[in-house]
1. Taking ILE61 as the residue in question, decide whether it is more than 19 Å from GLU203 (Cβ to Cβ) and open to solvent by 30 Å² or more (accessible area, probe 1.4 Å).
2. Do you know which residues across the range 122-175 are of a type in the set (Gly, Ala, Ser), within 16 Å of the ligand (Cβ to nearest atom) and assigned to a helix (DSSP H, G or I)?
3. Does the range 178-191 include one or more residues that are closer than 29 Å to LEU21 by Cβ, open to solvent by less than 40 Å² (accessible area, probe 1.4 Å) and touching a Ser or Thr at 6+ places or on another chain (Cβ under 9 Å)?
4. Can you say whether LYS156 is farther than 21 Å from PHE11 by Cβ, of a type in the set (Lys, Arg) and out of contact with any helix residue (DSSP H, G or I) (no Cβ under 7 Å at 6 or more places or on another chain), as far as the supplied structure shows?
5. Six or more apart or on different chains, Cβ atoms under 6 Å: show the pairs whose first residue is in the range 117-130 and within 17 Å of LYS199 (Cα to Cα) and whose second is aromatic (Phe, Trp, Tyr) and more than 9 Å from the ligand (Cβ to nearest atom).
6. Return the pairs, sorted by first residue and then second, in which the second residue is among the small types (Gly, Ala, Ser) and within 9 Å of the ligand (Cβ to nearest atom), the first residue lies in the range 5-22 and is touching a residue at least 12 places away in the same chain (Cβ under 8 Å) and open to solvent by 50 Å² or more (accessible area, probe 1.4 Å), the beta carbons are less than 6 Å apart, and the residues are 6+ apart or on different chains.
7. Could you count how many residues in the range 202-212 are over 15 Å from ALA37 (Cβ atoms) and either assigned to a strand (DSSP E or B) or open to solvent by less than 50 Å² (accessible area, probe 1.4 Å) (or both)?
Amino acid sequence: MNKKKQVRRIFDSISYRYDFLNHLLSGGVDFYWRKKALKLSKINKDSILLDIACGTGDFAIAARRMGVTKIIGADLSFNMLKLFNQKSDWSKGNLVETVAEEISFKDNSFTNITVAFGVRNFYNLLEGFKSFHRILKTGGKATILEFRLPSNSFIKWIYLFYFKNILPFIGNIISKDKEAYTYLPESVDEFDAKVDLKKYLLEAGFSNVTIQQATFGIVQIAIAEK
Ligand SMILES: C[S@@+](CC[C@H](N)C(=O)[O-])C[C@H]1O[C@@H](n2cnc3c(N)ncnc32)[C@H](O)[C@@H]1O
């Protein structure tokens with residue numbers, strides 16, 4: 001199965017358990033990470049935001065709470081988008097089922113693009129970043145929140161033990177989708193080993209790329225400017 005089909009199948013399948021598992025398995029710290037990323041991006045009430053790989057909408061909902069009113073969400077999983085619609089009364093008509101790599105918005109449409117825990121799943125990261133660059137206005141920002149492997153070997157050991165043993169075990173029981181919660185640690189491992197976010201962002205045409213780490217280096221927040 002190709003990556004696009006595999007990722008769609010997984011998120012369509014676990015969608016109804018996604019929020020519950022996400023907050024349980026992260027201990028709720030995922031809310032803090034999203035908020036921190038939005039603050040670092042200086043999102044404000046004048047922002048025109050596209051939240052890509054929006055899933056059930058937590059990043060977009062956090063942006064809305066920070067005063068942003070022009071928000072569009074995009075995701076390849078219909079079931080995740082359906083749940084986003086059920087969680088908010090403002091998202092109807094503002095959600096698009098699409099892959100990041102083939103977004104059809106006009107050039108220079110948005111001041112901000114956000115992606116939380118999504119780019120790791122893209123089937124073609126460079127194409128995704130190129131489309132971000134095309135549809136952002138000049139001076140606009142792309143903000144990417146993503147997992148990474150911590151550099152401290154002790155923390156990395158604890159993290160990998162949790163990610164490879166506890167997380168798939170609980171995820172499998174609750175979501176009843178074994179592939180989904182073995183895919184998660186594997187995708188973080190693979191992404192971390194192969195992908196230099198900064199290099200891809202620069203190659204896609206972005207400048208002023210900064211990367212910050214949070215929570216013992218298990219997540220990274222990349223911000224890039226057009
Ligand atoms: C781990 S979830 C993150 C959802 C949400 N951003 C959050 O913070 O909870 C990853 C999402 O990325 C979406 N996704 C994966 N690959 C994608 C792609 N190539 N284009 C658009 N969405 C994609 C999945 O359908 C899924 O909803």
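The values are calculated or read from the model by the stated rules, or taken from the named source; none is laboratory data. Small disclaimer: the values here were computed from a predicted structure and weren't measured. Because the Cβ atoms are built from the backbone with ideal geometry, glycine has one as well, and the counts that use them run over all protein chains shown. To get the accessible areas, we keep the full protein, side chains included, count just its heavy atoms, and leave off ligands, DNA and RNA. Shrake-Rupley method; radii C 1.70, N 1.55, O 1.52, S 1.80 Å.
1. Numbers: more than 19 Å from GLU203 (Cβ to Cβ): yes; open to solvent by 30 Å² or more (accessible area, probe 1.4 Å): no.
So ILE61 does not fit the description; no.
2. Initially, the range 122-175 is screened for residues of a type in the set (Gly, Ala, Ser), giving 128, 131, 139-140, 142, 151, 153, 171, 175.
Subsequent filtering for residues that are within 16 Å of the ligand (Cβ to nearest atom) retains 128, 131, 142, 171, 175.
Answer for the range 122-175, where residues must be of a type in the set (Gly, Ala, Ser), within 16 Å of the ligand (Cβ to nearest atom) and assigned to a helix (DSSP H, G or I): GLY128, SER131, GLY171, SER175.
3. Quick first cut of the range 178-191, residues closer than 29 Å to LEU21 by Cβ only: 178-191.
Checking which are open to solvent by less than 40 Å² (accessible area, probe 1.4 Å) leaves us with 180-181, 183-185, 187-188, 191.
Within this subset, residues satisfying the condition of being touching a Ser or Thr at 6+ places or on another chain (Cβ under 9 Å) are 180-181.
Looking through the range 178-191, at least one residue is closer than 29 Å to LEU21 by Cβ, open to solvent by less than 40 Å² (accessible area, probe 1.4 Å) and touching a Ser or Thr at 6+ places or on another chain (Cβ under 9 Å).
4. The answer is yes for LYS156.
5. ARG120/PHE191; LEU125/TYR200; LEU126/TYR200; PHE129/TYR200
6. ARG8/SER77
7. Initial filter on the range 202-212 (over 15 Å from ALA37 (Cβ atoms)): 202-208.
Next, from what is left, pick out any that are either assigned to a strand (DSSP E or B) or open to solvent by less than 50 Å² (accessible area, probe 1.4 Å) (or both): 204-208.
Going through the range 202-212 one residue at a time, the tally reaches 5.
So that you can scan it fast, the table gives a plain yes or no per residue for (1) surrounded by fewer than 17 Cβ atoms within 10 Å (Cβ to Cβ); (2) at pLDDT 95 or above; (3) farther than 19 Å from LEU136 by Cα; (4) within 9 Å of the ligand (Cβ to nearest atom):
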| site | (1), (2), (3), (4) |
| --- | --- |
| ASP46 | yes, yes, no, no |
| GLY55 | no, yes, yes, yes |
| SER91 | no, no, yes, no |
| THR98 | yes, yes, no, yes |
| ASP107 | yes, yes, no, no |
